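What follows is a short report on a single structure.
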Amino acid sequence: MNEQSQATPAAACSEDKPIVVETRDLTRVYGDGGQVRALDGVNFSVRAGEFVAIVGPSGSGKSTLLNLLGALDRPTSGEVIINGQALSKVRNLDRLRSHAVGFVFQMHNLIPTLTAAENVEVPLQETMWNPLARRRRAAELLDVVGLTSRRNYLPGQMSGGERQRVAIARALANRPALVLADEPTGNLDTQNTADIMRLLQEINTRQGATIIAVTHNHEVASATGRIITLRDGRIQSDVAVTSAFDRDLIDFKESPLGRAIVEGAPLPPEYQRLGEALREALRRV
Ligand SMILES: Nc1ncnc2c1ncn2[C@@H]1O[C@H](COP(=O)(O)OP(=O)(O)O)[C@@H](O)[C@H]1O
Ligand SMILES: [Mg+2]
């Protein structure tokens, strides 16, 4: 295998850009007796302009991690640092949440009695005093997500994909340093999933937004630039997706055969050498 096709450690990429978010030994234990270590000493950093996927089996701590990054929850120990500020030292977390972080959840969480444009304006109410400026900004954001024609629709009058696009516009409203998305395509069909991912990619490349997205979907994950895999609350792997070859390897790793190879299943003699080489490559991505 040649050198170029190997996955490089994610930390090797874009080192000139500032770090937007960083975790130090981030740990979250649920229950008084320490029954569930949902996150167990997680360390990583994300630089401006990165698009990172968080993957891992159900219960591996993905949502717990995202909630801590967005200051929706507090760690049991360890620290989250956003733009150089340790969250444990931030007095006004509400302000931080509305200014520095944009959220997109699996359930869009739009307000059902407000139109698309009004929903996008909600977070602007804390940052823009001029109603006209707010309206203009909302219109601009709905244009970014391709929903200008739906601006006066209520959530109930839109499709699931459209509602999620409104939620993305809302998350971008205050130009947050960090956009956090927890299974943003979880409730959508294949076509809408592809559209939402394309939109997130566009927002990442065109607007330079730093995005961390939790996903179950491996195709979604491999469309990003970096994949962090969680298992039992720890980082199992953290790799930059540097080539189409890596993308395919990452997809293959999730297939039944890929998983069996990684887990060391015995190989038929005629595939012994190929299998060993594949195992090594798959364990790296
Ligand atoms: N509020 C909570 N109280 C108790 N346990 C929780 C709570 N939230 C999550 N957990 C547990 O923490 C672990 C990680 O959960 P979560 O972060 O939701 O995983 P994921 O998003 O990867 O599916 C799981 O074992 C889950 O049951
Ligand atoms: Mg979850």
Checklist line | Condition check for ARG206: of a type in the set (Lys, Arg) and at pLDDT below 90 | finding: yes
Notebook entry, point to check: Assuming VAL239 fulfils every condition listed in (1) under 20 Å from THR23 (Cα atoms); (2) modelled with pLDDT of 90 or more apart from one, which condition is it?
Noted result: (2)
Margin query: For region 223-239, which positions are of a type outside the set (D, E, K, R), within 26 Å of LEU172 (Cα to Cα) and buried (at least 22 other Cβ atoms within 10 Å of the Cβ)?
Written below: THR224, ILE227, ILE228
Notebook entry, point to check: Based on what the data block shows, is ALA177 farther than 22 Å from LEU66 by Cβ and among the small types (Gly, Ala, Ser)?
Noted result: no
Notebook entry, point to check: So, in region 168-194, of the ones that are within 16 Å of ligand 1 (Cβ to nearest atom) and surrounded by 18 or more Cβ atoms within 10 Å (Cβ to Cβ), which residue ends up farthest from the chain's Cα centre (by Cα)?
Noted result: THR185
Next item on the list: Only residues that are outside any strand (DSSP E or B) and among the β-branched types (Val, Ile, Thr): list them for region 234-285, please.
Entry: VAL241, THR242, ILE250, ILE261, VAL262, VAL285
Check: Does any residue in region 161-182 that is modelled with pLDDT under 95 come within less than 7 Å, Cβ to Cβ, of a residue that is outside any strand (DSSP E or B) and within 16 Å of ligand 1 (Cβ to nearest atom) six or more places away or on a different chain, and which pairs are these?
Finding: GLN164/PRO184; ASP182/SER63; ASP182/LEU66; ASP182/PHE105; ASP182/GLN106
Item checked: Out of ASN152, ASN204, ASN187, sole residue that is in a helix (DSSP H, G or I) and of a type in the set (S, T, N, Q) -> ASN204
Check: So how many residues does region 268-283 have that are over 31 Å from the mean Cα position of the chain (by Cα) and either modelled with pLDDT under 85 or among the charged types (D, E, K, R) (or both)?
Finding: 3
Next item on the list: Only residues that are free of Cβ contacts under 8 Å to residues at least 40 places away in the same chain and either farther than 24 Å from PRO57 by Cβ or surrounded by 14 or more Cβ atoms within 10 Å (Cβ to Cβ) (or both): list them for region 240-259, please.
Entry: ALA244, ARG247, ILE250, ASP251, PHE252, LYS253, GLU254, GLY258
Note to self: Looking only at region 47-104, filter to residues that are in a strand (DSSP E or B) and within 13 Å of ligand 2 (Cβ to nearest atom); which one of those is nearest to GLN207 (Cα to Cα)?
What the structure shows: ILE54
Checklist line | Scan of region 58-68 for residues that are surrounded by fewer than 24 Cβ atoms within 10 Å (Cβ to Cβ) and more than 7 Å from ligand 1 (Cβ to nearest atom), ordered by number | finding: LEU66, ASN67
Margin query: So for region 85-101 (the condition being closer than 30 Å to GLN191 by Cβ and in contact (Cβ under 8 Å) with a residue 24 or more places away in the chain), does at least one residue qualify?
Written below: yes
Next item on the list: Confirm whether ALA221 is assigned to a helix (DSSP H, G or I) and within 16 Å of ligand 1 (Cβ to nearest atom).
Entry: yes
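The values are calculated or read from the model by the stated rules, or taken from the named source; none is laboratory data. As the structure is a prediction and not an experimental result, all values here were calculated from the model. Don't worry about glycine lacking a Cβ; one is built from the backbone with ideal geometry, like all the others, and counts go over all protein chains shown.
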